[in-house]
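The values are calculated or read from the model by the stated rules, or taken from the named source; none is laboratory data. As the structure is a computational prediction, the values presented were derived from the model and not from experiment. Neighbour counts are summed over all protein chains in view; Cβ atoms, including those assigned to glycine, are modelled from backbone coordinates with ideal geometry.
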Amino acid sequence: MFNQGLVRIHGRVLKRKIRRMRSYNYGSFKGGVKKYARALGNQVLREQAQNEVRLFAEQLNVPIICSLAAKGAISEKHRLFLTAANKYLDGVYRRPIVSDLFDDVDLLILIGYDFGEDLKPSLWGCNKDTIVINSFDIPMEEVFQPKVNCLGNIEQSLRYLRNVCTVRNQGFSEKHKELKEIFDERKAISVKPGTTDIPRIMKVISNYLGDSGILCSDVGLHKQYAGLLARTHMPNRFICSNVCGSFGFGLPAALAAKLCNPSEKVVAICGDGGFHSTSQDLETAVRYKLPVIIIVLSDSCFGLIKYYQGLHSEEPVKGMTELGPVQFHLLANANGMKSVLLKNPEELPKVLEQAYLLNEPFLIEIPVAYDYNLLKYVA
Ligand SMILES: Cc1ncc(C[n+]2csc(CCOP(=O)(O)OP(=O)(O)O)c2C)c(N)n1
């Protein structure tokens, strides 16, 4: 049932296996392992192990990468934080980044990691040495085999390992230093003429939400921009449907987030396709008087599907990816919700502040033009 190299922290195999892990660490260092990186998955948040994760990272001095669902496990202001990552990283930054991110890593320590979370082993070529630390076994079959699989309560495992690991990484490589600058500034994203500056919209939303506001993303192209570019500094401040990736998630997730965190700002970011699959919850928001702000990026299209059709064929199947046009701002009004049709995204900061002062649910419809070729930069 367990992978080879398992460390079962609370079982009888503990000492022997931990010894093997220690010798792996030391041996690897002696053998010339230069650079570690850590990839965090959603289980870290489910088990609220983020504090121990930070302490372990600081002790080992390793750069941190996370899946979209693990955003906030460590503050994105932390000196060791690099980026959230998935296969859309190159496309969103409009330059080859994924290879630079992983080429420079000899050993990945995967904590609370589930490869269903979009941070796929294919991003690092499935060929790095890995140590998996998780509370349950996720068989990787032929995808990749961890050198060591450390199974048990994540927090307790990390605490134990902090006591036995005396090794320290050499810090960021030159490549990672360069990347950190780009990631910290969400920088150098050129915008193709005639398309909407989606990264700018994400920046405005992050500024509005501050450190503790909550961004709930629906599923589609917009989710890749939101997940990779939104600034998240606390657990459960970026909520998305990863793994399942069910579209229609954004609006109901925002309502639940507001119910659970009445004093926090909550924004739902949605594409028009996913939004319209659960848009009946506009009425729920009004009935329960939940002051969430709903942003609908409207392109009359299932954007992500159009992108994939374009990837695999010169002539996308016509008529299968279009919808509407639907006037979502009027749909909000029909449900008793105030709204605005925002043709100039430059006005978004002002509109967000005005919507906040209303203290009632509010919908902002922004017509957008995606660059559907953008993501051909995918690694
Ligand atoms: C319930 C469900 N049905 C279908 C899909 C497949 N799917 C993923 S993204 C997407 C299109 C999203 O379009 P939109 O909501 O307009 O967002 P955009 O990509 O334009 O940002 C679809 C149909 C899904 N993930 N979940």
Restricting to region 228-267, count the residues that are more than 9 Å from the ligand (Cβ to nearest atom), of a type outside the set (Lys, Arg) and within 15 Å of the chain's Cα centre (by Cα). 13
Starting from residues that are surrounded by fewer than 17 Cβ atoms within 10 Å (Cβ to Cβ) and touching a residue at least 60 places away in the same chain (Cβ under 8 Å), keep the ones in region 316-366 and report whichever is nearest to the ligand (Cβ to nearest atom). Pro349
Could you give every pair whose Cβ atoms fall below 7 Å, whose first residue belongs to region 245-268 and is free of Cβ contacts under 8 Å to residues at least 40 places away in the same chain and more than 17 Å from Phe328 (Cα to Cα), and whose second residue is hydrophobic (A, V, I, L, M, F, W, C) and part of a helix (DSSP H, G or I), counting only separations of at least 6 or pairs across chains? Leu255/Ala285
Is it the case that some residue within region 61-79 is surrounded by fewer than 19 Cβ atoms within 10 Å (Cβ to Cβ), under 21 Å from Ile131 (Cβ atoms) and in contact (Cβ under 8 Å) with a residue 60 or more places away in the chain? yes
Only one of Arg186, Arg168 is more than 16 Å from the ligand (Cβ to nearest atom), under 20 Å from Ala85 (Cβ atoms) and of a type in the set (Lys, Arg); which? Arg186
Within region 91-112, can one find any residue that is of a type in the set (Ser, Thr, Tyr), out of contact with any strand residue (DSSP E or B) (no Cβ under 9 Å at 6 or more places or on another chain) and surrounded by fewer than 21 Cβ atoms within 10 Å (Cβ to Cβ)? yes
If you check Ile214 against the conditions, is it within 21 Å of the chain's Cα centre (by Cα) and modelled with pLDDT under 95? no
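Identify all residues within region 200-227 that are away from the ligand (no atom under 16 Å from the Cβ) and buried (at least 24 other Cβ atoms within 10 Å of the Cβ); write none if there are none. Before the answer, list the steps.
Our first condition is that a residue be away from the ligand (no atom under 16 Å from the Cβ); within region 200-227, this holds for 203-204, 206-214.
Correct list: Ile214 only.
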Using the structure shown, decide if Arg186 is under 30 Å from Tyr308 (Cβ atoms) and basic (Lys, Arg). yes
Taking the stated definitions as given, is Ser298 within 16 Å of the ligand (Cβ to nearest atom) and either touching a residue at least 40 places away in the same chain (Cβ under 8 Å) or touching a strand residue (DSSP E or B) at 6+ places or on another chain (Cβ under 8 Å) (or both)? yes
Restricting the search to region 229-282, which residues are within 13 Å of Ile295 (Cα to Cα) and touching a Cys at 6+ places or on another chain (Cβ under 6 Å)? Gly250, Ala254, Ala268
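Can you confirm whether region 207-218 contains a residue that is among the hydrophobic types (A, V, I, L, M, F, W, C), in contact (Cβ under 8 Å) with a residue 60 or more places away in the chain, under 25 Å from Ile64 (Cβ atoms) and not in a strand (DSSP E or B)?
Taking region 207-218 as the starting set, the residues that turn out to be among the hydrophobic types (A, V, I, L, M, F, W, C) are 209, 214-216.
Checking the rest, the ones that are also in contact (Cβ under 8 Å) with a residue 60 or more places away in the chain come to none.
Scanning region 207-218, I find no residue that is among the hydrophobic types (A, V, I, L, M, F, W, C), in contact (Cβ under 8 Å) with a residue 60 or more places away in the chain, under 25 Å from Ile64 (Cβ atoms) and not in a strand (DSSP E or B), so the answer is no.
Assess whether Arg186 counts as being under 22 Å from Gly41 (Cα atoms) and either surrounded by fewer than 23 Cβ atoms within 10 Å (Cβ to Cβ) or more than 13 Å from the chain's Cα centre (by Cα) (or both). Walk me through how you get there before you give the answer.
On the way: under 22 Å from Gly41 (Cα atoms): yes; either surrounded by fewer than 23 Cβ atoms within 10 Å (Cβ to Cβ) or more than 13 Å from the chain's Cα centre (by Cα) (or both): yes.
Considered against the rule, which asks whether it is under 22 Å from Gly41 (Cα atoms) and either surrounded by fewer than 23 Cβ atoms within 10 Å (Cβ to Cβ) or more than 13 Å from the chain's Cα centre (by Cα) (or both), Arg186 comes out as yes.
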